[in-house]
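Below is one structure, written out as C-alpha cells; comments come after it.
The values are calculated or read from the model by the stated rules, or taken from the named source; none is laboratory data. From a predicted model like this one, the values you see are computed outputs, not experimental measurements. Every residue, glycine as well, gets a Cβ built from its backbone with ideal geometry; the counts of neighbours run over all protein chains shown.
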Ligand SMILES: CC(C)(COP(=O)(O)OP(=O)(O)OC[C@H]1O[C@@H](n2cnc3c(N)ncnc32)[C@H](O)[C@@H]1OP(=O)(O)O)[C@@H](O)C(=O)NCCC(=O)NCCS
C-alpha cells in the first residue's frame, strides 16, 4: 500500500471534510464537529498551509492532519509553538500506519519551517510512541479540565522546550 503524504490543496477540502466526519463518527470523546473546526482554522490567521497535510492512497484521501499556530505564555515570555488538531484516518484505513506517517511528516515539515514544539490533547496511549510527553513534565498548562495524561507536548529539536513553560493559549476560534 503506497501512502503519499502531501500538502492539502483546495480540491481536497470536500474529501477532507467527509473523512474527518467519518473518522470521528464513533469516537467517544469527540463533539463530532472536528470537520467544522478545520474549516474555521483554514480561514484563520493561525493556519499554516504547509501544515495541513493529506494522506493519499490509490488517489483517495485516506487521512488528514492539521497543525496550527499557538502560544505558550508566562510572566516573562511568549513562545510560539504548534497545536496538533485534529488528525483523522478513514476507518477502513486505520491501524495501517497512516496516522503515524502523517504525524512524522508533519513534524518534519514543522521543523523545517522553524517551529520548535507541538502540543496536543489526545489519547494517552497513541502519541507517546512518537515522543510526546506530558505537558506537566515541562510545567506547561493546558486550558482544559482534562486528565494530565491527555495533555502532551513534544520538542521538535533538542532544545525545543528549553526554558519553555507557562500557559498554552488556544485562540477563541477553537471554541466557536
Ligand atoms: C487516531 C488515528 C488518527 C490513528 O491513525 P491510524 O492510522 O489508525 O494509526 P496508526 O496505524 O499509525 O497507529 C496504529 C497504532 O495506534 C494505536 N491506536 C490507534 N488509534 C488509537 C486510539 N484511539 N487510542 C490508542 N491507540 C490507538 C493502534 O492500536 C496501533 O498501535 P500499534 O502500532 O502499537 O499496533 C485514527 O485511528 C483515527 O482517525 N481515529 C479517529 C479520530 C481520532 O480519534 N483522532 C485523534 C484525536 S486525539
Original post:
What is the residue count in segment 13-27 for residues that are under 13 Å from residue 87 (Cα atoms) and in contact (Cβ under 8 Å) with a residue 40 or more places away in the chain?
Top reply: 6
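So which residues in segment 5-27 are in a loop (DSSP other than H, G, I, E, B) and over 15 Å from residue 89 (Cβ atoms)?
Of the residues in segment 5-27, the ones in a loop (DSSP other than H, G, I, E, B) are 8-9, 25-27.
Once the filter is applied, which keeps residues that are in a loop (DSSP other than H, G, I, E, B) and over 15 Å from residue 89 (Cβ atoms), segment 5-27 yields only 9.
Inside segment 122-133, can you point out the residues that are touching a strand residue (DSSP E or B) at 6+ places or on another chain (Cβ under 6 Å) and within 22 Å of residue 78 (Cα to Cα)?
Matches in segment 122-133: 132 only.
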Original post:
Would segment 24-46 turn up any residue that is touching a strand residue (DSSP E or B) at 6+ places or on another chain (Cβ under 9 Å), closer than 22 Å to residue 117 by Cα and surrounded by fewer than 16 Cβ atoms within 10 Å (Cβ to Cβ)?
Top reply: yes
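Please count how many residues of segment 111-134 are part of a helix (DSSP H, G or I) and farther than 26 Å from residue 98 by Cβ. Can you show your working first?
In the first step, residues of segment 111-134 are kept if they are part of a helix (DSSP H, G or I); the result is 111-112, 127-130.
Pick out the ones that are also farther than 26 Å from residue 98 by Cβ and you get none.
The number of residues fulfilling the criteria is 0.
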Subject >> Enumeration of residues in segment 112-132 that are surrounded by 14 or more Cβ atoms within 10 Å (Cβ to Cβ) and more than 16 Å from the ligand (Cβ to nearest atom) >> reply: 115, 116, 117
Original post:
Is it the case that residue 146 is within 16 Å of the ligand (Cβ to nearest atom) and either in contact with a strand residue (DSSP E or B) (Cβ under 8 Å, 6 or more places away or on another chain) or in a strand (DSSP E or B) (or both)?
Top reply: yes
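Evaluate segment 16-28: report whether one residue or more is within 22 Å of residue 142 (Cα to Cα) and modelled with pLDDT under 95.
Let us first name the residues in segment 16-28 that are within 22 Å of residue 142 (Cα to Cα), namely 27-28.
Add one more test, that the residue is modelled with pLDDT under 95, and what stays is 27-28.
Checked segment 16-28: at least one residue is within 22 Å of residue 142 (Cα to Cα) and modelled with pLDDT under 95.
So which strands (runs of 3 or more DSSP E) are wholly in segment 28-110 and hold at least 2 residues that are within 10 Å of the ligand (Cβ to nearest atom)? Lay out the reasoning, then the answer.
Details: elements: 47-57, 60-73, 78-89.
So the answer is 60-73, 78-89.
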**OP:** Output the number of the condition that residue 160 fails; it satisfies all remaining conditions of (1) under 30 Å from residue 43 (Cβ atoms); (2) outside any strand (DSSP E or B); (3) touching a residue at least 60 places away in the same chain (Cβ under 8 Å); (4) more than 15 Å from the chain's Cα centre (by Cα).
**Re:** (3)
